[in-house]
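Novice: Structure provided below as structure tokens; questions to follow.
Rule-based calculations on the coordinates, nothing more; no lab input. This is a predicted model, so every value here is computed, not measured. With ideal geometry, Cβ positions are generated from the backbone for all residues, glycine too; neighbour counts draw on all protein chains shown.
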Amino acid sequence: MAQRSPPSGLPRRRRLLVENIGALREAFRGVRHRYPFTIDAIVILPDHLHCVWTLPPGDADFSTRWRLIKAAFARGIAAGERLSERRQRTGERGIWQRRFWEHAIRDAADLSRHVDYIHHNPVKHGHADRVVDGPYSSFHRYIERGVYPPDWAAGSAVRGVSFE
């Protein structure tokens, strides 16, 4: 596998997600138990993640879920983390921003574009040479289901989609 490791020059806080993948998984698992949602697509990079969720009918409360995931992850890694005075004052922990980007999927084509963007992210950010080499990605689940071939390479499929 041609997976690249996070550049060693990255500050430790910029590698928190992959260095604490177990705590992140446990945070998601715990919140999903209390506040159900389906993870339709996800990719976890050293310093950020992207995902598409489906919430139960009549439920649009992404904010509570994200708040709880962030808090659970922060508790899971709190022992070794140093917080700046500003982060202590604002309650920010680790790599988390106070806000998140939310987009309501409009149709099947919109969903497909966002899933493609998510799966292509490890290549976009230089963490993998090929999409299949991204270790923390739902791409592997999509291969098993026959949605993508293992050598899928996104190309123009992700144009016009940006979370940044």
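Novice: Once phi is turned into θ = phi - 60°, what whole-Hz ³J(HN,Hα) does the Karplus curve with 6.51, -1.76 and 1.60 give for every residue of the stretch 117-125, x standing for Gly and Pro?
Specialist: The phi angles translate into 4, 4, 5, 7, 4, x, 6, 3, 9 Hz.
Novice: Please give, to one decimal in nm, the separation of the simple spin-label points placed at I21 and R130, each 7 Å out from Cα toward the Cβ.
Specialist: Result for the modelled spin labels: 1.8 nm.
Novice: At A71 and R14, where each label point lies 7 Å from the Cα along Cα→Cβ, what is the point-to-point distance in nanometres?
Specialist: 3.0
Novice: Still on this model: Between E144 and D61, what is the label-point separation in nm under the 7 Å Cα-to-beta-carbon projection?
Specialist: Between D61 and E144, the label points sit 3.0 nm apart.
Novice: Hey, can you grab everything whose amide H is under 5 Å from the amide H of A128? Only 5+ residues off in sequence or another chain; H modelled, so Pro and N-termini drop out.
Specialist: Those lying under 5 Å, H to H, from A128 are R4, V123.
Novice: Extension gain T38-S112, at 0.36 nm per residue separation less the Cα-Cα distance, in nm?
Specialist: Details: separation 74, 0.36 × 74 = 26.64 nm, distance 1.60 nm.
My answer for the length gained is 25.0 nm.
Novice: If each Cα of the stretch 19-78 is one equal point scatterer, what is log10 of I(q)/I(0) from the Debye formula at q = 0.25, 0.30 Å⁻¹?
Specialist: Each listed q corresponds, in turn, to -1.16, -1.48.
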